[in-house]
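Data first, discussion second: the structure below is written as structure tokens.
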Amino acid sequence: MKKEYNETLHMLKFTIGLLVAALVICGAAFFLSTRETSAAVNAPVDMTVVEELMSLDDLDMPAVIAEMSSVGESRDESVRESIAESVRESRSVEESIYASSLEQESIEQSVAESRFESSVAESSSIEEQEYLDSFLVGSHLTARSVTYDCDDTDIPYLRRLFSNCVVIGNSRAKNAVDCGIMSENEVKYQSGVSVDVITPFALQVAYMYKPKTLFVMGLNDIGHYDGSNERFYQDYLSLVRQYQAINPGQVYLQEILPCPEEARPYFYRFFMIPDFNARIRQVCEETGAIYVSASDYADFKYINSEDHAHYGKEFYFLWAQTIATQMHLWEDLAGLGYEIN
């Protein structure tokens with residue numbers, strides 16, 4: 001019995017010893033843990049971090065938020081403007097492409113119209129030339145040029161060529177009738193007159209309403225006006241304007257043909273012909289009349305008059321051709337101008 005009691009007591013002591021040992025171990029562990037925590041809490045502080053944290057307290061947060069919002073809005077506005085600029089550039093490119101296409105269409109249309117007009121003009125030119133060639137069969141004439149070897153067989157062609165106009169003038173116009181190249185159907189004349197004297201007669205001719213009128217005046221005027229080209233200019237200007245008020249057709253003024261030295265006894269002021277021709281040009285400028293010339297063919301060897309101032313038949317063959325070209329009578333004949341009577 002005593003033995004069992006001792007064993008039980010011994011076991012109890014052992015157990016109590018174990019419990020005490022466990023308590024000691026637990027206490028030691030708790031003590032060590034507390035020291036580590038204290039060391040961590042009491043560790044040295046990084047003052048830079050503290051200053052940064054403290055500076056956050058001084059921040060004006062509403063201002064910071066407003067600034068951040070402004071930055072955001074500015075960025076958004078920049079993005080929107082960039083997008084708008086891209087759209088504008090895109091539209092500009094589209095408009096340029098559209099404009100280019102319109103320009104290309106316009107060019108193509110102009111080219112087409114030009115080709116059409118060229119083809120029409122070419123066709124008209126061919127038809128015109130064919131007609132003139134047929135009209136000139138049997139003559140020595142060549143359209144729009146001057147042929148020297150003309151003879152009486154060419155006269156009917158020349159008269160028809162001038163059937164669309166009238167020639168009004170002095171004795172130098174009359175010479176075309178005298179030599180038989182023109183008839184009084186084409187030439188109305190009064191010998192030895194000046195522009196002031198012939199004016200009433202010319203105004204009567206205006207009522208024929210020929211679409212083209214050629215005045216051949218000037219040689220007599222040099223003596224009649226005592227060399228005053230100013231008076232000659234004023235009277236010629238008045239004549240042409242009065243004529244145009246009646247007849248709206250085109251008026252042509254021929255230069256005064258040259259004279260050789262042998263004409264001095266009859267036309268002693270003939271040396272003033274250039275001055276008077278300058279006045280005729282001035283009348284043309286004032287009235288819209290057209291200045292024509294035949295002096296290139298006025299070879300003095302063609303003069304056949306006693307006064308050495310009037311040309312013969314050989315000259316008037318050449319005269320008729322060059323005047324017809326300058327007055328575009330060939331075009332009229334071919335149907336490009338006025339109708340042939």
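The values are calculated or read from the model by the stated rules, or taken from the named source; none is laboratory data. Everything numeric here is computed off the predicted structure, so don't read it as measured data. Heads up, the Cβs are rebuilt from the backbone with ideal geometry, glycines too, and the neighbour counts pull from every protein chain shown.
Sub-7 Å Cβ pairs linking a first residue in segment 292-307 that is farther than 13 Å from residue 318 by Cα to a second residue that is β-branched (Val, Ile, Thr), at least 6 apart or interchain, are 292/323, ordered by first then second residue. Residues of segment 303-323 that are of a type outside the set (A, V, I, L, M), closer than 15 Å to residue 148 by Cα and buried (at least 24 other Cβ atoms within 10 Å of the Cβ): 315, 316, 317, 319, 321.
Of all the residues in segment 204-240, those that are part of a loop (DSSP other than H, G, I, E, B) and either more than 12 Å from residue 170 (Cβ to Cβ) or touching a Lys or Arg at 6+ places or on another chain (Cβ under 6 Å) (or both) number 9. Just one of the listed residues (174, 212) is basic (Lys, Arg) and in contact (Cβ under 8 Å) with a residue 60 or more places away in the chain, namely 212.
Go through the residues of segment 278-299 one by one and say whether even a single one is modelled with pLDDT of 95 or more, at positive phi and loosely packed, with under 14 Cβ neighbours inside 10 Å.
Yes, the conditions are met somewhere in segment 278-299.
Looking only at residues in segment 160-183 that are among the charged types (D, E, K, R) and at pLDDT 95 or above, the one that is farthest from residue 259 (Cα to Cα) is 178.
Pairs meeting the criteria (first residue in segment 222-250 and closer than 24 Å to residue 328 by Cα, second residue loosely packed, with under 15 Cβ neighbours inside 10 Å and charged (D, E, K, R), beta carbons under 7 Å, at least 6 apart or on different chains) are 237/286.
The one condition from (1) crowded, with 21+ Cβ neighbours inside 10 Å; (2) more than 30 Å from residue 153 (Cα to Cα); (3) among the acidic types (Asp, Glu) that residue 186 does not meet is (2). The residues of segment 300-317 that are touching a Cys at 6+ places or on another chain (Cβ under 8 Å) and either among the aliphatic types (A, V, I, L, M) or within 20 Å of residue 214 (Cβ to Cβ) (or both), listed by number, are 309, 312, 313, 316, 317.
Note on segment 182-203: among residues that are under 22 Å from residue 267 (Cβ atoms) and in a strand (DSSP E or B), the one that is nearest to the chain's Cα centre (by Cα) is 187.
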